[in-house]
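The values are calculated or read from the model by the stated rules, or taken from the named source; none is laboratory data. Note that this is a predicted model, so its numbers are computed, not measured. A quick note on method: Cβ atoms are made from the backbone with ideal geometry, for glycine too, and the neighbour counts reach across all protein chains shown. Ligands, DNA and RNA are excluded from the accessible area calculation, which covers all protein heavy atoms including side chains. Shrake-Rupley method; radii C 1.70, N 1.55, O 1.52, S 1.80 Å.
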Amino acid sequence: TRTFSLKHVAIQLHLTLNPTRKVTMAASTLCVQEGDNVVLDERGEKITIVKVKATGQVRLGKGRFSMSSLVGCPFGSVFQVSADGNSLELRDKPIPTDVSKIQDTEKDNSSLFDRNSENQKLDREQIEELKRSGKSGEEIIDALCSNSATFSHKTEFSQDKYRAKKARKYIMCATLRKPTARAICEAYYANGPEQVNNLRVDSLAVLLNLANIVAGGKVLLFDNCLGVVTGAVLERMGGLGHVCSSHVDRLFKFDAVRSMNLSQEQRAVLCTAPLSLLTAAKTAGSLPAPPTAQGQAEPQAADAQPADTEAGSAQAQAEAPAMQVERAPDTAEASGRDAPVQQDGADGSASRTQQSKQAGPSGQQHHHHNRTSATLDLAQRLVHPGFSSCIIAAPRLHTISLIDQVLPLLAPSTPFVIYSPWVQPLAECFNHLQVTRKAVMLQLQESWLRPYQVLPARTHPHMTCSGTGGFILSGVSVVQGEPRPQQGQQGRQETP
C-alpha cells in the first residue's frame, strides 16, 4: 500500500475542482525536477545541497552514483545504495531507527566482557562474501546479531544501539529534503557555522518572528549570512510585498537564495540598493531620477560593478548627508562566506575555479535572475512612508553607526531586529538606543537550543549541543518630534 500526505490529497482535490490548472505546477512543487536543488540528508550526520542533473553524479558515502534515479521522485523519498553498490534505489521501507518497546528495564550489562573478535563469529571475509552474494543491509545486520555471543544477553537499550551502529555502516541511505529555509539553514550550519556567522535555525525563526515578516510588507534587510535570512524572508512573503537587500560598500552574497527552488513570483519582490541611495531618496524627496546611463542601474551593471550604481546616484547623494557607517575590525574576514555548502554538479562537485570566473570585481557572482537593482524612483517609493520591517544580520558592520542610518528609513512603530554572534556590539547598541530614545521595547536575548532524545523509557537531553546560536537585539522604532513648550510657558510667552 502507498501512503499519501494531506498535502498530496489537497493538491489532487484542487486539480480535480480546477481542471484548467496545469498538472506540472503541482508536480514541480512536490517532485524533483531536473535543475532543481535538493537537500541530501544522510541520517542527519551529513547534509549537502545538490543540484539535480540527469547526467550528473551525487556522492553518497564513499561512492558516486547517477542522479537519473532522483528525477521525478517526490520530496521526502529515501534512497539507499543497491546491494551491488553501483546505483541508488528507492527505498520502500522507512529508515531503521533505534526505537523499540522496552519490556525489561532491570537487566544490565555488568556481566558482559568486550573480547573484540571473540564475541563475533563472522570475520571480515565472511561479511564481504555476504555483500558479494547480494545480501541487503538488513540481512547482514541480522546475521551479525545472530552470530554475536553477547547480543542476546545485552539490555534492550544496548541492542538498539548496536543495530543503529551497524545500520550506519551497512545501510547507506539518504533522504531528499525540499530546500526550504529551515533545511538550507541547517545544511550551512552543519557544514560550518562560521559560513553564516553562527546563525542557527532557531535564531532564524526568532528573527522572522520579532521582525513581523508578513506577506505584503516592505522589508529592509542587511544579510551577510550567505542569503539565508533573505531566502527565509522571500519564502514567507510568498511573492507579495517588497524586500530590499541593502549594503554599504559591496553586495552581499545570495548563495542560499539560489539554493532554494523559489518561483519567479517569489524572486520578483527582491531588489538590492546601497544604503546611500536609500538615504538620498529619503532626504531628497522629489529628486529627478538620474540619467539612464548611470542611474538606471540595470541588474547586469549592479552585479558586475556595484560601485557604478552608487556613482549613478551622485546627484541624489550630493544633497544627502555623507555616509559615515564604519566597518568593525575583521578578525576573521568572511572565511566562511567563500566556502558554501558543497554542491554536487554534473561532475560530482562544484568547481571553485568556475565560480571565481563568474564572480565580479567585488566577489559577487552574476545571477541576475535572483534580484534587480533599485532605481531612485523605486527607492523613494520604499522609504516613503518607510519600511514596515527591518532585519540586520551583518555583524561585520559597526552596529551603532548602521542603526543610526537605518532608523530614519523605517515607518513609525516599525519592529527591527539586529543579529550578531557577539554580545558586546549589541550591548553597546542597546545602551545607545536607550540614551538617544530612538526606540522602545528594547530586548537583548541569547538563542540557546538543546535537542532531546524522546524514546520509550529513555528520554534525556543529548550529551552534546551547540554552545550558542548568537545574540538578538529587538525593538520598535519611534519618531522623535520637536519638544513642545508646556501650556503655562506658552501662555506667558504670548502675554505682552
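Which pairs in the list Lys107/Lys135; Lys253/Lys282; Lys178/Lys438; Lys131/Lys178; Lys53/Lys165 are over 30 Å apart, alpha-carbon to alpha-carbon?
Numbers: Lys107/Lys135 33 Å; Lys253/Lys282 26 Å; Lys178/Lys438 41 Å; Lys131/Lys178 32 Å; Lys53/Lys165 32 Å.
Those over the limit are Lys107/Lys135; Lys178/Lys438; Lys131/Lys178; Lys53/Lys165.
Heavy-atom accessible area per residue, segment 208-252, 1.4 Å probe: how many Å²? Display every interim value, and only then the final one.
Numbers: 1240 Å² over 45 residues.
Normalised by residue count, the accessible surface of segment 208-252 is 28 Å².
Please give the per residue accessible area of segment 381-446, computed with a probe of 1.4 Å over protein heavy atoms only, in Å². Intermediate values should be presented prior to the final figure.
On the way: 2710 Å² over 66 residues.
Spelled out: the 1.4 Å probe surface of segment 381-446, per residue, equals 41 Å².
Could you check the simple spin-label distance between Ala205 and Ser466, using points 7 Å along Cα→Cβ, in nm with one decimal? It works out to 1.3 nm between the two label points.
Sort the following peptides by mean Cβ neighbour count (other Cβ atoms within 10 Å, averaged over residues), highest first: 273-284, 456-467, 413-424, 156-167.
273-284, 413-424, 156-167, 456-467
Sorting Val228, Val478 by accessible area (1.4 Å probe), largest first, what list results?
Working: Val228 5, Val478 55 Å².
In descending accessible area the options line up as Val478, Val228.
The portion of the accessible surface of segment 227-290 made up by carbon and sulfur, rounded to a whole percent, is 50 (1.4 Å probe; DNA, RNA and ligands excluded). Ligands, DNA and RNA aside, Arg59 has an accessible area near 70 Å² when probed at 1.4 Å.
For the pair segment 374-411 and segment 118-164, the centres of their Cα atoms are 61 angstrom apart.
Please work out whether segment 149-234 counts as rounded, prolate or oblate from its C-alpha gyration tensor, where a ≥ b ≥ c are the square roots of the eigenvalues and a/c under 1.5 means rounded, while otherwise a/b larger than b/c means prolate and anything else oblate? Mind showing how you got there, number by number?
Values: a/c = 3.34, a/b = 3.07, b/c = 1.09.
Taking the square roots of the gyration eigenvalues as a ≥ b ≥ c, segment 149-234 is prolate.
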